[in-house]
Amino acid sequence: MEEQNPKRQVLRCLVEQEHQGLRLDKFLALQTAELSRGYLRQVIDIGGVQVDGRRSRRCSLSLKAGQRVEVHIDGLPLEPFTLTETEILFRDKYLLVLNKPSGIETQPTHARYIGTLYEALLRYLHDPFRPMQTPPLGMVQRLDRETSGVMVFSIHPRAHKGLTEAFTGREVGKAYLALVSGTPDPTAGEFRSQLARERFTNLMRSVTEGGKEAVTRYRVADSFAQASLVEVELLTGRSHQIRAHFAEAGHPLLGDVRYGGTSTLLGEPVGRQMLHAHRLELSHPVTGERLSLEAPLPADMQGLLERLRGRP
């Protein structure tokens, strides 16, 4: 087995004639001594293995000579995520709004299907009386794995088009709370640039041409010796927009080590990037009712704030 991209941990191998008919899990165990067969079976179960470009979640799959197998390992916990009522902020016939926990991938990736928010929502919405019917789940926004907060989904075909148009037409108000290093100067302002993804680092950076417009407004809500609590309004919705803009301004998010943020503060680990989607404001795509949906600050951010304020 050859590791083509160590950073992404994508392992690729070719099924030789001598391995014709082997089970998928046994074949993979023969290809690498670093990963146990039990671990590889878990990777298969969560959807991290592809055979000839198609995801396979069958450990017992019988392989054929000439097939190409890819193993995608992203280091995430292997346990599935189960949605509970405590995460639901709003639900009617057309929409479901939830408070996404940090540490959960929003959409299925090459590395996993099980354990993503999308898969958990399909299980949550599944109708046991219609076992063959897939719930009409529509995803119109995305939060980074480590970002927590408000997310809205359409759960009825009548709502999806209007919800999509609201997001693409910038008719949705998106407010975030972030803990950043230092204190931005001025304490209220706007970042405006073109953002593009760097080829080798996969990070978003401001460029002079060839990027997409990104506009971020902010206001410092509270400041401390080493960090600040910042209220952020997104006027556009580019990938990593808040993270990139504050990093380029010299105030990376606490815990966002990919963009230069510190991993420790006040002698303790930060744990993750301190970013929370606090509020969404939008018109209901079917009823027209104006909705203002808020997710409370998660315990880890609240705890860090208390330490910054000098409270035990």
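The values are calculated or read from the model by the stated rules, or taken from the named source; none is laboratory data. Every value quoted in this text rests on a predicted model; they were computed, and no experiment measured them. All Cβ positions, glycine included, derive from the backbone under ideal geometry; neighbour counts span all protein chains shown. For the accessible areas, the whole protein counts, side chains as well, though only heavy atoms, and no ligand, DNA or RNA atoms are used. Shrake-Rupley method; radii C 1.70, N 1.55, O 1.52, S 1.80 Å.
One line per residue, one yes/no per condition, for (1) buried (at least 20 other Cβ atoms within 10 Å of the Cβ); (2) in contact with a helix residue (DSSP H, G or I) (Cβ under 6 Å, 6 or more places away or on another chain); (3) modelled with pLDDT of 95 or more; (4) more than 21 Å from T201 (Cβ to Cβ):
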{"residue": "G255", "(1), (2), (3), (4)": "yes, no, yes, no"}
{"residue": "V286", "(1), (2), (3), (4)": "no, yes, yes, yes"}
{"residue": "S292", "(1), (2), (3), (4)": "no, no, yes, yes"}
{"residue": "A295", "(1), (2), (3), (4)": "yes, no, yes, yes"}
{"residue": "P298", "(1), (2), (3), (4)": "no, no, yes, yes"}
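Test A214 against the stated conditions and say whether it is open to solvent by less than 20 Å² (accessible area, probe 1.4 Å), out of contact with any helix residue (DSSP H, G or I) (no Cβ under 7 Å at 6 or more places or on another chain), within 17 Å of V172 (Cβ to Cβ) and small (G, A, S). In short, no.
The residues on offer are D92, D45, D74, and the sole one that is modelled with pLDDT under 90 and under 30 Å from V172 (Cβ atoms) is D74. Out of the stretch 157-179, which residues are of a type in the set (A, V, I, L, M, F, W, C) and under 22 Å from the mean Cα position of the chain (by Cα)? L163, A166, F167, V172, A175, L177, A178, L179, listed by residue number. The set of residues in the stretch 174-186 being open to solvent by less than 30 Å² (accessible area, probe 1.4 Å) and not β-branched (V, I, T) consists of A175, Y176, L177, A178, L179, S181, G182, P184.
Within the stretch 257-277, restricting attention to residues that are in contact (Cβ under 8 Å) with a residue 40 or more places away in the chain and outside any loop (DSSP other than H, G, I, E, B), the residue that is most open to solvent (accessible area, probe 1.4 Å) is R258.
The set of residues in the stretch 116-168 being of a type in the set (K, R), part of a loop (DSSP other than H, G, I, E, B) and more than 29 Å from G261 (Cα to Cα) consists of R130 alone.
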